[in-house]
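Visitor: This is the structure I want to talk about, given as structure tokens.
The values are calculated or read from the model by the stated rules, or taken from the named source; none is laboratory data. For clarity, every value in this text was computed on a predicted model and none was experimentally measured. All Cβ positions, glycine included, derive from the backbone under ideal geometry; neighbour counts span all protein chains shown. Only protein heavy atoms, including side chains, enter the accessible area calculation; ligands, DNA and RNA are left aside. Shrake-Rupley method; radii C 1.70, N 1.55, O 1.52, S 1.80 Å.
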Amino acid sequence: MAGNPEDPVNRAPKSLRLQIGLFGRTNVGKSSFLNMVTGQDVAVTSAVPGTTTDVVEKAMEMLPIGPVMFLDTGGIDDATRLSAQRLKRTRRVFERADIYVLLVEPDCWTEYEKTVLAAARQYDCACLILPQVQTIRDALDYESAAVVVNERRYRQVLERLGRTPDLVVCDSQVVEQMVNETPAGIPCTTFSILFARLKGDLCAAARGAAAIEALGDGDRVLVAEACTHHPVEDDIGRVKIPRWLREATGCDLRIDTTSGRDYPDNLEDYRLIVHCGACMLTRREMLARIQRASAAGVPITNYGVCIAALHRVLRRVLEPFPEAWTAYENPTKPNSMNATASIQTASSRQGGFPCSVHP
Ligand SMILES: Nc1nc2c(ncn2[C@@H]2O[C@H](COP(=O)(O)OP(=O)(O)OP(=O)(O)O)[C@@H](O)[C@H]2O)c(=O)[nH]1
Ligand code: SF4
Ligand SMILES: [Mg+2]
């Protein structure tokens, strides 16, 4: 993927290139990763921790992104004589990077990783997760224009847009704000709801959300995530959804969280399953999970539908999909749906995880 130096795109000035910082504890494999991506021996690698002291820069053309600049940093997790210098240089990259790539060892999430994460947030590093990228891509493929904005600029951008968007799509975690700031008549929904439809069955998810109102003290709820990631502070599946469920129902619920391929056998023990957007699952896998829940007689909903219901904005965000709203209102009556729309995008990093987590 390394580009031809004669190609004009490879002569893009340094400052115009997308800056990609490689971070990770010493010896985790940052330089090896850079060499692998560029297909060249750009950075020295060795089994000795602290090999990279100064920042190694490597410009390349990375399709389809375009001209980028990789910044291989030294780890700042050790206490050697050189670590103070490394720390200083790596911190400069915190300020410079547009994208943070954090290399980690399995099951190793230390203060160092938390520091990098905090820096990414502090410097407002852009973070588009898989469902957002896929939605934008889909909009472009269908000759639509997609405008991406964070929740802080949303109202302002909407006012200045010059035309009414055909659809606004937001991160579930800012759905309440998005609904409040979107004038009536502009269809809006969330990435997670789009994924409930793409990967599973939106009507089933809407019917499942209707079961929230019937939850009582002691009822068990399963929050199921389809991939494994390191939980972050205020994690959506482990912290926020359980908190919102307890607040909205006022009940003493027993909430379990599972992740990855670990979908439990004892589904019948639960009164409700709240499933993630399943961006890492195939549609078939997700439908199989819905079928298993159905066979066990347990309502199943998804993060986006559940969050919108808990914030009392479900009707608004299901307007583009009227059959799903009908399913919510008549949960005992199975139905099917099919709807299409062009796309306007509102994206959020708030409380999000820095990889493809939770639309
Ligand atoms: N087993 C295994 N070893 C790896 C992998 N990636 C790198 N290594 C080895 O791990 C050691 C450290 O790799 P580097 O790429 O130098 O690590 P680094 O993060 O750049 O280290 P510092 O510059 O010291 O911070 C080298 O001996 C590599 O050959 C990997 O994926 N698997
Ligand atoms: S990234 Fe989030 S939404 Fe996607 S499969 Fe993993 S847990 Fe589910
Ligand atoms: Mg290195």
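Visitor: Per residue, how much accessible surface does segment 8-122 expose to a 1.4 Å probe? Answer in Å², no decimals.
Guide: 53
Visitor: Between I186 and A214, what FRET efficiency comes out of the Förster formula 1/(1 + (r/R0)^6) with R0 = 35 Å and r the beta carbon distance, rounded to 0.05?
Guide: 0.60
Visitor: Going through segment 126-189, which trypsin sites (Lys or Arg not before Pro) have at most 15 other Cβ atoms within 10 Å and a DSSP loop state?
Guide: R152, R153, R163
Visitor: Suppose R0 equals 30 Å. What FRET efficiency, 1/(1 + (r/R0)^6) with r the Cβ-Cβ distance, do L161 and D98 give to the nearest 0.05?
Guide: For R0 = 30 Å, the calculated efficiency reads 0.75.
Visitor: Would you mind counting up the charge near D217? Only other residues with Cβ under 13 Å from its Cβ, with Lys and Arg at +1 and Asp and Glu at -1.
Guide: In short, +2.
Visitor: If the reach is capped at under 17 angstrom between alpha carbons, list the aspartates and glutamates near K58, excluding any in the same chain fewer than eight residues apart.
Guide: By straight Cα distance, K58 reaches E6, D7, D41, D72, D98.
Visitor: In addition: Which aspartates and glutamates, on any chain, are close to K199 with Cα under 13 Å apart, when same-chain ones fewer than 8 places away are left out?
Guide: K199 reaches E285.
Visitor: Then there's this: For a protection proxy built on the mean count of beta-carbon atoms within 10 angstrom, sort 208-221, 268-281 highest first, please.
Guide: 268-281, 208-221
Visitor: Determine, from the Cβ-Cβ distance of D138 and D41 and an R0 of 45 Å, the FRET efficiency 1/(1 + (r/R0)^6), rounded to the nearest 0.05.
Guide: 0.70
Visitor: Run the quick spin-label model on A248 and C108: label points 7 Å from Cα toward the beta carbon, then report their separation in nm to one decimal.
Guide: My value for the distance between the label points is 4.0 nm.
Visitor: Continuing with the same structure: How large is ³J(HN,Hα), in whole Hz, for each residue of segment 53-62 in order, when computed from phi with the Karplus curve 6.51 cos²θ - 1.76 cosθ + 1.60 and θ = phi - 60°, using x for Gly and Pro?
Guide: Ordered by residue, 3J(HN,Hα) equals 9, 8, 6, 9, 9, 9, 8, 7, 9, 10 Hz.
Visitor: Taking θ as phi - 60°, what are the ³J(HN,Hα) couplings along segment 212-224 by the Karplus curve (6.51, -1.76, 1.60), each to the nearest whole Hz, with x for Gly and Pro?
Guide: 4, 5, 8, 5, x, 3, x, 5, 9, 10, 9, 9, 10
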